[in-house]
Amino acid sequence: MSLMKRTAGAVALAGLVAVAGFGQASAADLSISGSSMLFPLEQVWSQSYMKSHPGTHISVASTGSGFGISNAANGNITIGASDAYLTRDLKKRYPALVSIPVAFEDTQVIYNIPGLSKGAKLRIDGPTLARIYMGKIRFWDDKAIRAINPDVTFPHSRIKVIHRADASGTTFVFTDYLAQTSKEWNDEIGRDLSPAWPTGSGYNGSDAVVAAVLATHGAIGYVGLGWINEYKLSSMALKNLDGYYVVGSIKTIQAAGRAALHDPSFPEDFNQSMVWKLHGKDVYPDANFEFWMVSTSLPGSTMKEVKNLIVWALTKGQKSTYTVKTGFAPLPFAPLKPRLNKILNHLLPGNSLDIQSGG
C-alpha cells in the first residue's frame, strides 16, 4: 500500500469518526480507532475478518493512541488502538478500560542525511538521542555522534528534528526510551503521549512523519517497523541495557517480548513498559506490546462480537501473512494463554480463550 493510499484511507476514516461518531448501531457494527502504528495490521485484519464473518462490519481509523484510549473509554468507538499501555494515571482516569495485547512492535529512529558515507550503518545511544531531541546537538558531525560511529564520515549539516504533533503511543514508547536512558530528558521532559517538545517540527500520524523525513534533508524522526519495511527506510541501531547496538527487526522485537514474558516481575495484565529494562544480546531496547483497549461498559451484544474479534486476532490473526508482512511480531502463545484468559473473563465473564498457534 502506498503512502498516499494509506494516508488517504486514514484521513477518510478519521473524518468518518468526526461525522458519524462511530456509534454502536448494531452488535455487528464495530469501530477501531487510534494508533497509527497499528493501523496497517488492523486494516488487513478487518478485511480478512469481514470476509469470513459477512454479518460484521468493521471501521478502522488512524487517529493516534491518545484518541483511541479516550474514545474507547467514553463509548465513541468500540475498540481503542494504542501503542501505550494503561499507566497508573490512565487506569485512574479510565477505570472501565481493559487492555488486550495483540502484537509486538517497536519504535525506530529514521533519518535522511545526504552526503553520508556509502553503506553507513548508524548507531545511537539514549543520552545522545535525547540531546538531539532537546536541540542541544544540532549538527550531524557533532563529536558525540561521531564517537558512537567512528567509521562513518558525517557531513556538517544541521539536524532537522521531526516528531509527532498528536497524542501518540509511538511518542510514548520513544520518549520512554529517552527517559530511561537520559536523566536530563527524564528530569526536564519525561515520558508522555504528547510531551512539551523543546525543538523540532510536529506532524500528525506516522505517515506524515515518514513523508516529512523523506522530504527534509538532515531530518531525524521515529516510526515503527512496518513503516520502515514498507518504504525501505534507513534506521539506527539503538544501544540496549547490555551495551549492544541492536537494529529493530521481527527477531529482535520478539527477543524483547520473550525476555519480558519470562521476567517474573512483569505484570499479568501487561501494563508495564518493555523499554530498556530487558537483558539480552539480541533484545531491541525500544520494543512494545500493541494494545486494543475495550471498555467493560459496552453493551452485552456488542461485547460478544468484540470478544469474537479478539479471539480471531489472537489466533488466526497472528499468522505471519498478517503480522510479519505488516511489520509486527506475532505473540508467543504458551506463556500468554493464562493471562489472556483472565483478561477476557474480565471483559465477558464465563468465557475463556482457547488459543491455538496462528503460525
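Please list, short to long, the whole-number percent of alpha-carbon pairs of the stretch 206-359 in consecutive 5 angstrom bins beginning at zero.
2, 8, 15, 17, 18, 16, 11, 7, 4, 1, 0, 0
Toward the positive end of the charge dipole of the stretch 108-261, about the Cα centre and with charges on Cβ (Lys, Arg +1; Asp, Glu -1), which of 119, 167, 236 goes farthest?
119
Enter the per residue convex hull volume of the stretch 108-261, computed from alpha-carbon coordinates, in Å³ rounded to the nearest integer.
Values: hull volume 17.3 nm³, N = 154.
Normalising the Cα hull of the stretch 108-261 by residue number yields 112 Å³.
What do you get for the angle between helix 300-314 and the principal long axis of the chain? Use alpha-carbon atoms, 0 to 90 degrees, nearest ten.
50 degrees
How tilted is helix 3-20 with respect to the longest principal axis of the chain? Cα atoms for both, answer in degrees (0 to 90, nearest 10).
50 degrees
In whole Å and largest first, what semi-axes does the C-alpha gyration tensor of the chain yield when each eigenvalue is scaled by 5 and square-rooted? Could the numbers behind the result be given before it?
Values: eigenvalues 235, 91, 67 Å².
Gyration-tensor ellipsoid for the chain: 34, 21, 18 Å.
Projected onto the charge dipole of the chain (+1 at Lys/Arg Cβ, -1 at Asp/Glu Cβ, origin at the Cα centre), which of 100, 220, 155 gives the Cα projection farthest towards the positive end?
Checking the options against the dipole of the chain, the answer is 155.
Which value in deg cm²/dmol, rounded to the nearest 500, describes the helix-derived mean residue ellipticity at 222 nm for the chain, given -39,500 (n - 2.57) per DSSP H run of n ≥ 4 and division by the residue count?
Numbers: 13 runs with 135 residues, N = 359.
Theoretical 222 nm ellipticity from helices: -11000 deg cm²/dmol.
Taking springs between alpha-carbon atoms closer than 10 angstrom, which of 304, 143, 342 fluctuates most in the Gaussian network model of the chain?
In the Gaussian network model the winner is 143.
Compute the helix-to-body angle for 169-181: its Cα long axis versus the longest principal axis of the chain, expressed 0 to 90° and rounded to tens.
Roughly 50 degrees between the two axes.
Would you mind computing Rg(Cα) / (2.2 N^0.38 Å) for the stretch 24-144, counting N as its residues?
1.46
Need one number: % antiparallel among DSSP beta bridges in the chain, to the nearest 5.
Working: 22 of 38 bridges.
Of the beta bridges lying entirely in the chain, close to 60 percent run antiparallel.
First select every other residue whose beta carbon is under 14 angstrom from the beta carbon of residue 213; then total the charges, Lys and Arg +1, Asp and Glu -1.
Numbers: positive: 160, 164, 232; negative: 207, 230.
Within the 14 Å Cβ shell, the charges total +1.
Averaging sequence separations of C-alpha pairs under 8 Å and six or more residues apart, then dividing by the length of the chain, give the relative contact order as a whole percent.
23 percent
With charges only on Cβ, +1 for K and R and -1 for D and E, what is the dipole size of the chain about its Cα centre, in debye, rounded to 20?
Details: 34 positive and 27 negative charges, 88 e Å.
For this selection, approximately 420 debye.
Of the listed peptides 29-36, 296-303, what is their order by residue-averaged count of other C-beta atoms within 10 Å, with the highest listed first?
Ranked by mean Cβ neighbours within 10 Å, highest first: 29-36, 296-303.
No lab work stands behind these numbers, since they all come straight from the coordinates. Keep in mind the model is a prediction, meaning the values are calculated, not measured. When we count neighbours, we look across all protein chains shown, and the Cβ atoms used for this are built from the backbone with ideal geometry, even at glycine.
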